[in-house]
1. If you place +1 on the Cβ of every Lys and Arg and -1 on the Cβ of every Asp and Glu, how big does the dipole about the Cα centre of the protein assembly as shown come out, in debye to the nearest 20?
2. Filter the trypsin sites (Lys or Arg not before Pro) in segment A:164-228 to those in DSSP coil with at most 12 other Cβ atoms within 10 Å of their Cβ, and list the result.
3. Choose one of B:Met652, B:Gln671, B:Ala639: the residue whose Cα lies farthest towards the positive end of the charge dipole of segment B:541-698 (beta-carbon charges +1 Lys, Arg; -1 Asp, Glu; about the Cα centre).
4. Quantify how strongly other chains surround peptide B:758-771 by giving the mean number of their Cβ atoms within 10 Å of each of its Cβ atoms.
5. Could you work out the mean count of beta carbons from other protein chains within 10 Å of each residue's beta carbon in A:116-124?
6. Taking 7 Å along the Cα-to-C-beta vector as the label spot, tell me the A:Arg103-B:Asp522 distance in nanometres, rounded to one decimal.
7. I need the peptides B:167-175, B:607-615, A:99-107 ranked by packing, meaning the mean over residues of other C-beta atoms within 10 angstrom, with the highest value on top.
8. Carbon and sulfur atoms: what percent of the 1.4 Å accessible area of segment B:541-698 do they account for?
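The values are calculated or read from the model by the stated rules, or taken from the named source; none is laboratory data. Note that this is a predicted model, so its numbers are computed, not measured. In this analysis, Cβ positions are derived from the backbone assuming ideal geometry, glycine residues included, and neighbour counts consider all displayed protein chains. Calculation scope for accessible area: heavy atoms of the full protein, side chains included, ligands and nucleic acids excluded. Shrake-Rupley method; radii C 1.70, N 1.55, O 1.52, S 1.80 Å.
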Amino acid sequence: METMDREATQTAPAGPACEASDLDAADAVVVARGITRDYGEGDAAVHALRGVDVDMVRGRLTAIMGPSGSGKSTLMHILAGLDEPTAGTVEVDGIEITSLKERELTQLRRDKIGFIFQTLNLLPTLTAQENIELPMTIAGRKGDGQWVGQLIDTVGLADRLDHKPAELSGGQQQRVAVARALVGRPAVLFADEPTGNLDSKTGDQVLDLLRRSVDDFGQTIVMVTHDAHAASIADRLLFLHDGRIVYDCGRMARDEIFEVIKSLEDRR
Amino acid sequence: MIRIAWRSLLAHKLRSFLTALAILLGVAMISGTYVFTDQISRAFDEIYSEAFKGTDVTITRTSSFSSDYGAAVGGLPESMVEDVRAVDGVKEANGYISGMGAIAVDGEVVETGGSPTLFFSYVPSAMSATSYVEGDPPTKPGEIAVVKGLAEDEGLGIGSPVTVIADTGTYETRVSGVFTFASESSLGGSLLLNTTFEDGQLWFDLDGQVSEIDVTAADGVSPDALATRLRAALPEEADVKTGEQAAADASQQISDALGTFINPVLLSLGGVAVLVGAFIIFNAFSMTVAQRRREFALLRALGALRRQVMWSITGEALVMGVLASVLGLVVGMGFAAGVNALMKALNVDIPTSSLVMQPRTVIVGLVVGISITLLSAVVPALRATRVPPVAALQEGATLPAARYSRFTPYVAAAVAALGVLGMVNGMYGVGSTTQRLLAMAVGAVLLFVAVAMLSKYFVAPVAGFIGWPLTRVAKTSGRLARDNSMRNPARTAATASALMIGLGVVVFVAVFAQGLKSSFVDGFDQVVRADYVVAATNYLTLPGDTARRLEYVPAVDTSAGVNIQVVQTGGAKKTTTTLNGVEPSTFSKVWSFDWIEGDDTVLPKLGTDGALLEEQTARSLGVKVGDSFSVQSPEGEKAGFEVRGIYRDPMMLVGITVGDAAYDRLSPRSQLYMVLVTATGAQGADKAALEGALADVPTADVMTAAEYKDMMVGSINQLLNLLYGLLAMSVIISLFGIVNTLVLSVYERTREIGLLRAIGASRRQIRRSVRYESVITSVIGGVLGILVGIVFAYVVTTRFGGMGIKFSVPGAQLVVFLVIAVVVGVLAAILPARRAARIDILEAIHYE
Ligand SMILES: Nc1ncnc2c1ncn2[C@@H]1O[C@H](COP(=O)(O)OP(=O)(O)OP(=O)(O)O)[C@@H](O)[C@H]1O
Ligand SMILES: [Mg+2]
């Protein structure tokens, strides 16, 4: 069954083609093999992922796209150690994570992983600065002041540091969240629709920030998105459909992305 | 609507359970108190009606006044028995002797935990409630019979030696028989013994007298008619009652004793518990309403009237109130059984009958439980009606402020003013003691409420302050805990207030008791010059010759006794006070009077008509040195005295102090309360010598001055521990309140906790932050409670300063209470912290 699924992945789909990504999979931060994820059992079972092999390349921004329900979030959660696959293995920065215990996972999240969610990324009681430094505080580490300063400059919120999240706009909040996710220099940063709740202008600021963190700091980012515009900043695009990766492309322009999305939506 | 309410209760099982528990325990304490005291009253009813069963009329010596202390009155002339027999309609009349004392087995006094050891002479009559189960009644001098329970406890059989200690001396006896009284093998904690008539007269100093005459009526003569005839035939000093009346009077006395102390104390502790419960209910409903904000908005958007929203909440409160109160009644039975067990553990023996729930108990329990629940839910319900329909579309779970919330400080000030008024009225106002105590209690409750209302304004800075050390200990958890506890000040305030009330009362009691103890110790140190104090165990008196006998001990310098009896003074308005009789020539050697007027030289010149007055008695009698006043004993003896000196001594020699000669004018029988001894030799040797001299008086307890103080302080402590035990209930209830609040806070913050976990917070850190939040809340409650308790105690002790109670803060104990507050916080956090730590990150992220 599994092998069949895997073969299906390899089969080139009918529809618009894309240029395969030319990234060197040898330098992968995240290595996933044979990931399946089922919800429920028997006839009622939902196969959210049906066998996914993927390598997330160091220092690149990878976008995961696909129609609603195709398994994007599920895949991201599994890669980030938030969820366990039904079968398959995941390595993050050389550590096999599917067999880790709770405590080790916590340590992993502290050391190697950063997160940005669609909304409510910040603790309402803390100021922007405190939110940015929160991962360091939690880990009981002394923050690298210079690095924090650099991040604050990058996200452009030097004058808002003492504000509570409620006093910041949605875009500003997301920028704080980006800084927060970068502060620990994680091996990989996962973002689930980070611009999903923003208008295009503020969304652009956030995307620009993500792009720059890849270019300037060599950050590895995995971003789930619905938005073709957001995906166009990615170095590589993975398209999921029905729990499988159906396209694995290099940089794409917005129109090309639209076309792929459209073809996938037509498939159902 | 009830169905919606029921669903809502079921949907929030844990919260409903914890909230209901708060009211349940309060109701249980109140109904349990009634069940407990009703049971005691009933037990005594049964015993007395059995004891007087065959007796149609009973005659005793008339007491000139009745006092709470059960002052002993003497007997009737023995010849009166014949006079009674001569009255037409009398079938049988018997005189007998009764008296109180103590017994010792193998040289050890048999302890009764405060209940009396009662002796009465055996009368072979159908009237007698005694029936022999073993051996025979005493017939020869030196024979004694014991009640079955006593024989069993002490392993006494026919022929066993028993030492009798009475005011007149110590007597060796042997057991002739074992009996049951009114079919009981014991009567509460009291010990019952049968003596011969002659021994009784000798032991209890009733030569030629009888204590009581019991009469049966001839056929066809009603007890009432016979009593009337006897009253006409006998002199004034004979108090004639029907057996029924005597039984009723006797058990009424018990009920009164319960009604003036145990009942009010237990009920007010129950009241404190209910008050604490009210805060918890208020808080729980406020939180429920906040959480269901969208639901209410939706209902309103769908066209529900405000009234209907209001109903859905009060309906929920009603269901909860009814359920909790009914269960509370059931648990109340258990509470009564628990108090029984507690009493037994503390060696307080009380007669018990089956536990019964009277209609009054049910009504009070239900009314209090249900009305408090409803009242506490009204404000939250009103706020729910103010949720606008548009809230259905908004984020967040903040409630609109109550319509009049901006007036809160003024309302709180008004409530506080009323509270102060109540306290002042209670302390300085007129009216009966009960009314004044009630005014004080209401005042205290209002002050508590005012502090609680205001606390939401200062809880945030206080939380910040208290939380500060925690942010040092554990940066993240401490910081989060502190921020979270400051986030919803009203909620933190209400939660902390519940603990504040329970601890406030505990602290009040502790500070007040500390004042009492230190005043006693100071008072004792100030006046007592003696090295040793000899007092009787079991609240008895010492044999009258004790002081004299100790003078023969070589090392003894001075040995002086204090006799005490209750007397009545004053003209038109009679007051009861104590009369102390001392040896005028030697007393100043053991006692250092704090003279206001006069000096030690007046003592030897007191004679038979000179008296010294304690300051307060002088004031209440309105007399100065040189004035005269008169005193009456319970037996009706009167004597006039002239004031020769006034001293201050609110703790030890209260009332009137006279010389032995004057004392004897009022009461020929000795009532030696204690003997004070100064000695020259080494402490240990002296004590042994004193004990040796009193070897035949097992009730005499020879103590150094320090030991005596310890004993008195110890008996205050024992009472304190009982109170603490009962107050613990309120503290436990407030603990549930904290659990309740935390569970909800954790629930509301599910998403935040998930986020924290996602960015690397460990389960332990999450647990710790919840625990710290809990501790911050409980410490706020503890600090407030300690402050309020100290203020109350200060106000009350200042008011009663004249009675010699000083204001003294037990510092070490306050630290203990603060630690208890911390422990309450830690315990309360266990469950919510575990829940918080178990939150699944993925679910939390998807959670709205
Ligand atoms: N906890 C769950 N229980 C059962 N089924 C689930 C659960 N979570 C996800 N699924 C199912 O798994 C499939 C993949 O879900 P997933 O959330 O990964 O989709 P997605 O690509 O992120 O969609 P969207 O773009 O709408 O966020 C869907 O069919 C969804 O219904
Ligand atoms: Mg998704």
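1. Details: 94 positive and 118 negative charges, 1162 e Å.
Its charge dipole is roughly 5580 debye.
2. Working: sites: A:Arg175, A:Arg180, A:Lys201, A:Arg211, A:Arg212; in loops: none.
Answer by residue number: there is no such site.
3. After comparing all options, I get B:Ala639.
4. Working: counts 10, 18, 19, 8, 9, 3, 2, 4, 0, 0, 0, 0, 0, 0.
Mean shielding count: 5.
5. Working: counts 0, 5, 1, 4, 8, 3, 2, 9, 5.
Shielding by partners across A:116-124 averages 4.
6. If labels sit at A:Arg103 and B:Asp522, their model points lie 5.7 nm apart.
7. B:607-615, B:167-175, A:99-107
8. Values: 3170 of 6420 Å².
Percent of accessible area from carbon and sulfur atoms in segment B:541-698: 49.
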